[in-house]
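Student: Sharing a structure here in structure tokens format.
The values are calculated or read from the model by the stated rules, or taken from the named source; none is laboratory data. Values in this document were obtained by computation on a predicted structure and should not be read as measured data. Glycine also receives a Cβ, built like all others from the backbone with ideal geometry; neighbour counts cover every protein chain displayed. Surface areas here come from the heavy atoms of the whole protein model, side chains and all, with no ligands, DNA or RNA. Shrake-Rupley method; radii C 1.70, N 1.55, O 1.52, S 1.80 Å.
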Amino acid sequence: MNWFLIICTVVIAILVLFISLYFVVHFQHPEDKNQAWIPKIVVLLGFAVAMWTILLFPLDVANQQACDLNIPLSSCDGGLPMTQLWYAVYIAAMAITFILVPFSIFYYEADSEWSFPRRILSGILWAAGAVFVMAILIAIPYAFAGYAEFNVQGARSGLLPASYLGNSSYQYTNCIGLFAYYNPSGSTPEVQSNLTSLGYNCDVFVNQITDTWKVRVSIIVYAMAIVATLGWVLFMVFGAIGLVALPIDWIRGFINRPKATITRSQYIDRARELARRAKEILALADALKREERERGRSWRWRRNAKALNTQLLVLEEDEAELEMVYPQSEDPDYKWVLTVLGFWLQLFGGLLGLALSICWVLQIILYILINPPVTPLLNDMFIKANDAFPLFGTLLFGLFAFYLQLCVVKGNFKFGLNLLIFRVHPMRRGATVMSSFLFNVALILLATTATIQFCVAAFALYADGTAVLDIFGNQLTSIQGIKYLYNKNVFIYCFLGFAALTCVYVAIRGPDRWKRQKVEDVYAM
């Protein structure tokens, strides 16, 4: 048993739990503190499973490389049961997405005057409905199209007694003819004269026969394929946006950082300005409430409500900026030093992320889209890194895969379920209710399935022989009906298209702070 691999897995799994807990604490709404424990547990578990799924890929690679090359992985005593682990993780992800998240949302949104058993019952009924709908969406297509289709080279051959093999006068340079027949009085196979060319049908280099091998896949694999296809729709949006926005936002955060603290008098003046703006927003909110009661929610009312919500978000950001440039604690200087160090770490992360994003784009173009690939690129880097130091290539591989998952999370937080006119369940630091948390966790879990499949396509050479390559690289991309989306790289082209649009959007729109009307609101000293 590879105990080093197991210990590393356990330590990283615990670390991921702490990171997930930080997300929950950092983004939760003040009204949800010390309550809504069931939704919080589901959110924590959902974030953890999403990260564990990504980290399972480098574990699969390390597990495959732990055995000698001359020993099959199935015969390796130190190997982990990776196929079973992949199935378990994906079943857990689907259970959280389609069972626990619907249950927790309707439990959390239930009338506060309801009793605890009634809220539990409401969540169970809605979750059962979600499971029923998803089961129908998977079971009906599976019954008619739950097959994997593989293109293979066909071979044909006739049957003759083995006694012919002992005849030295017959040159066995060709196949036995498909229409050959046995003549007891003859010494060689005899064929019909007009069908002699069929004797080459078992030579795949000559016959050019192409067959389609159709095999029924398991219901688990088919469900994974359906969920992965749904996840690709989210991944090509969230992943593309995050791939561009994550490093740029970090670098811009450093460039626009406050350069120095402010004095107490400056703090008081700006706090008064924030208070004045808060009163104006409150007055506008009261006016909108009166208009809603009198005239209803007209198009004009919705436009003003959206503008008011934007002003509120800017006010909250400005308040956070003000607290940053005037640290209040027992040791303000120490707190300011930590703030400065945080910005420098943000710059380092932004530059590293920019390099990783460029590498990802090059890997997509040079290895995935161009056939045959121009260069293995990152695959070669990982292999050479492993040759230099064991597991070093696996760590680099894990870095790229984990960074891609961070891009998905960033894209989800930045864009979310944006319906152009308004956003559904936005993620805001310190102001995210549990229902929004649960909804976005479900989106991230769905996108994670596509993230894994994308990594399999990008690093197929390095991940050769792994369990995930067999599941995602062979079976899922050959499912009848949806294989063309993968074989034609439809999702990947869309991914690059959204990344290009994000670059244009970020370049034209600029950072959010440029939209503010007053220079003093930025607090850039």
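Student: Give me the percent of the accessible area of region 1-63 that comes from carbon and sulfur atoms, probe 1.4 Å, all protein chains in place. Write down the numbers at each step before the final one.
Tutor: Values: 2550 of 3230 Å².
With neighbouring chains kept in place, the figure for region 1-63 is 79 percent.
Student: While we're on this one: Going by average Cβ density within 10 Å per residue, which order do the peptides 283-295, 239-251 take, highest to lowest?
Tutor: Taking the mean over residues of other Cβ atoms within 10 Å, the ranking is 239-251, 283-295.
Student: To continue, here is another question. Label-point separation (nm) for Ile508 and Thr263, each offset 7 Å from Cα along Cα-to-Cβ?
Tutor: 4.5
Student: Sticking with this structure for a sec: Go through Lys40/Lys306; Lys306/Lys410; Lys33/Lys259 and tell me which ones have a Cα-Cα distance over 25 Å in this structure.
Tutor: Lys40/Lys306; Lys33/Lys259
Student: Leaving out ligands, DNA and RNA, what percent of the accessible area of region 257-306 is carbon and sulfur, probe 1.4 Å? Don't jump to the answer; show the numbers that get you there.
Tutor: On the way: 1980 of 3860 Å².
Within region 257-306, the accessible surface is 51 percent carbon and sulfur.
Student: Then there is this: Of the peptides 141-152, 453-464, how do they stack up when ordered by the mean number of other Cβ atoms within 10 Å, highest first?
Tutor: 453-464, 141-152
Student: What accessible area per residue comes out for region 281-421, rounded to a whole number of Å², with a 1.4 Å probe?
Tutor: 60
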